[in-house]
Amino acid sequence: MTEHPWSKALRWKQWRFVHYQREMFGGQDAGELYDIESDPDETRNFYTDPAHQPVVQECRRLLLEWLIRTTRVKTVWPPVTVVDFGRAATSHWDYAPAGDGKEANTAGAALRFKRGQLNYL
């Protein structure tokens with residue numbers, strides 16, 4: 001995976017795939033797909049080639065799954081329980097948070113799913 005502010009790229013099998021935000025190209029779908037085994041200099045872009053659309057779709061799926069797996073939750077509902085022990089209120093987690101104090105990708109979602117509370121804003 002390679003990340004840039006307006007694009008994400010992945011290498012998978014013999015392919016290099018680049019996804020761009022449509023805003024960069026006036027709303028047009030634009031991207032790159034290269035067979036780096038037969039074309040290491042990336043001179044033939046197969047992104048719009050009808051015969052390569054199954055590869056484009058698989059690369060999009062792999063990219064989306066990677067983003068979901070690695071992106072941290074920023075807004076969660078219901079919010080973290082706030083507990084007041086007679087002094088300043090503190091956040092209380094029903095599970096161990098990640099090392100940086102943010103919600104872990106799996107623990108919070110699993111607990112909310114178990115409680116029937118899996119609602120993301």
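The values are calculated or read from the model by the stated rules, or taken from the named source; none is laboratory data. Because the structure is predicted, anything quoted here is derived from the model rather than measured. Glycine gets a Cβ as well: all are built from the backbone with ideal geometry, and neighbour counts include every protein chain shown.
Checking each residue in segment 1-42 for being surrounded by 13 or more Cβ atoms within 10 Å (Cβ to Cβ), farther than 17 Å from TRP66 by Cβ and among the hydroxyl-bearing types (Ser, Thr, Tyr) picks out only TYR34.
Give me the pairs: first residue in segment 1-15 and assigned by TED's automatic domain parsing to the domain that holds SER38 and under 10 Å from LEU33 (Cα atoms), second residue in a strand (DSSP E or B) and aliphatic (A, V, I, L, M), beta-carbon distance under 8 Å, and six or more apart or on different chains, which are they? Sorted first by the residue in segment 1-15, then by its partner, the pairs are ALA9/VAL18; TRP15/LEU33. Does ARG61 satisfy being under 23 Å from the mean Cα position of the chain (by Cα) and among the basic types (Lys, Arg)? The answer is yes for ARG61. List, please: which pairs have Cβ atoms under 7 Å, are six or more places apart or on different chains, and start with a residue in segment 43-55 that is closer than 13 Å to TRP15 by Cα and end with one that is assigned to a loop (DSSP other than H, G, I, E, B) and not acidic (Asp, Glu)? Cβ pairs passing all conditions: HIS52/PHE46.
Every residue in segment 43-52 that is assigned to a loop (DSSP other than H, G, I, E, B) and buried (at least 16 other Cβ atoms within 10 Å of the Cβ), please. Show your work before the answer.
Of all residues in segment 43-52, those assigned to a loop (DSSP other than H, G, I, E, B) come to 43-49.
Across segment 43-52, the qualifying residues are PHE46, TYR47.
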